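The values are calculated or read from the model by the stated rules, or taken from the named source; none is laboratory data. Computed from a prediction, not measured in an experiment: that's the story for all the values here. Note that each Cβ is placed from the backbone with ideal geometry, even for glycine, and that neighbours are counted across all protein chains shown.
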Amino acid sequence: MSPDIIPHHVGIIGTGRIARLHAATLREIENAHLVGVFDKDATCARQFAKEHHCRSFTHVEALLEAIDAVIIAVPNCFHRDYVLRSINAERHILCEKPMAENLASAQAMFEAKPSHLIGTIGFNYRFLPIVDIIHKTLASGTLGDILAFDAAFLKDSARRRTQFNWRDGPEQHGSSGSLGDLGSHLIDMACNLFNTSIDESSLSGTLQTHVRFKENKPVCVDDYAHVVCRLACGIPFTLTTSKSASAPDLGVRITIKGTHRSLLYETQTPLHWSMTDNATGHTSTMVLPHQRHHADPAGEIFGWADSMHCQMRSWLSAITTLSPLPQSANFSDGVRVQRALQAMLNTLPQEEQYRN
């Protein structure tokens, strides 16, 4: 590390998969130092600290006293408690998505955070290379007036992971199913790309649970969601998520239809995106101008690891300058997604036993 760089002292609350990926990301960022970790399970905290060469803390307040910024990577229903504790300790926050288990908790977090603290929600997909391409394409007007935005995110994790865990239970109020876990990224993408929100009065679609039991326990969240609605700016928006899909359909697919041209991106062909001229039917395929710097973890889409690094650098830069960067998702963005997510969970038809 350059002697001129003063590192940010960062702590992590939580020891699960995403916490470990955050720790790995911090190791590669010059102006960040992972001080330590807290978890309710002290054994997990000690093991995490050993693996990531940091301290384990038995009390969250002790961790907060030792750092200036904290990453909250625990189940959704605990976000509010740890965010409020972190705010009380005057610490900058990166909270994993979705922001909370329900709108009331997200709103409480937003209202509690003072303006001088940097609060970011982990919508790292904002930093995917294709999202930058879409931003620039929309700004250029190449597509014409936008007629529709369709986004799908399909995984097979509900079928692969046979153990019952926190995502499957009722404590998360539905926020940890495919709609909350995967769909929150797509909701944020739509709202961010078009600088708008979801028109909650326009919602239709369905929530389904295909993998209904794990370890003889009922799964209380969806593993498939299909939502048809409008953005507040009037653009039709179709969202599909699944954790019970199968190859070869896995991955992300984004389609934007305009009056002049349509744009398509699929992670099955991650290095290319295409644009089709509506008048001639001619499709031009372009190479995604992206040099991958970090290998993506198994099961994640192309560019995921780099997006995590970009998000972390953006957050730390905002802390340094105390001026949040526009590309990062802030607490207001988190509430916007949470409001849409809760409206979808409350509105879309689902089997009675899974209704919140």
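Is at least one residue of region 41-57 outside the structural domain of LEU182 (by TED's automatic domain parsing), more than 30 Å from CYS191 (Cβ to Cβ) and of a type in the set (Asp, Glu)? Taking every residue of region 41-57 in turn, at least one turns out to be outside the structural domain of LEU182 (by TED's automatic domain parsing), more than 30 Å from CYS191 (Cβ to Cβ) and of a type in the set (Asp, Glu).
The single residue among GLU28, GLU96, GLU90, GLU51 that is within 17 Å of VAL335 (Cα to Cα) and among the acidic types (Asp, Glu) turns out to be GLU96.
Taking the criterion of being basic (Lys, Arg) and within 19 Å of ASN346 (Cβ to Cβ), would at least one residue in region 220-238 satisfy it? Yes, that holds for at least one residue. Of the residues ALA158, ALA190, ALA151, the single one that is among the aliphatic types (A, V, I, L, M), buried (at least 16 other Cβ atoms within 10 Å of the Cβ) and in contact with a helix residue (DSSP H, G or I) (Cβ under 6 Å, 6 or more places away or on another chain) is ALA151. Only one of the listed residues (PHE48, PHE38, PHE110) is more than 26 Å from LEU322 (Cβ to Cβ) and of a type in the set (Phe, Trp, Tyr). That residue is PHE48. Against the test of being out of contact with any helix residue (DSSP H, G or I) (no Cβ under 8 Å at 6 or more places or on another chain) and touching a residue at least 60 places away in the same chain (Cβ under 8 Å), the options LEU345, LEU316, LEU341 yield a single qualifying residue, LEU316. Could you check, for region 99-107, whether at least one of its residues is out of contact with any Pro (no Cβ under 9 Å at 6 or more places or on another chain), assigned to a helix (DSSP H, G or I), polar (S, T, N, Q) and in the same structural domain as THR15 (by TED's automatic domain parsing)? Yes, that holds for at least one residue.
Collect the residues in region 38-81 that are surrounded by 19 or more Cβ atoms within 10 Å (Cβ to Cβ) and over 30 Å from LEU341 (Cα atoms), keeping them in residue-number order. Residues satisfying the conditions are ALA45, PHE48, ALA49, HIS52, CYS54, SER56, PHE57, LEU63, LEU64, ILE67. Which is touching an Asp or Glu at 6+ places or on another chain (Cβ under 8 Å) and farther than 21 Å from ASP181 by Cβ, of ALA73, ALA69, ALA45? Selected residue: ALA45, the only one of ALA73, ALA69, ALA45 that is touching an Asp or Glu at 6+ places or on another chain (Cβ under 8 Å) and farther than 21 Å from ASP181 by Cβ.
Checking ILE18, ILE29, ILE67, ILE12 one by one, the residue that is under 30 Å from ASN346 (Cα atoms) and β-branched (Val, Ile, Thr) is ILE18 and no other. Give the number of residues within region 38-61 that are under 17 Å from ILE72 (Cβ atoms), charged (D, E, K, R) and either touching a His at 6+ places or on another chain (Cβ under 7 Å) or not in a helix (DSSP H, G or I) (or both). Residues flagged as under 17 Å from ILE72 (Cβ atoms), charged (D, E, K, R) and either touching a His at 6+ places or on another chain (Cβ under 7 Å) or not in a helix (DSSP H, G or I) (or both) within region 38-61 amount to 3.
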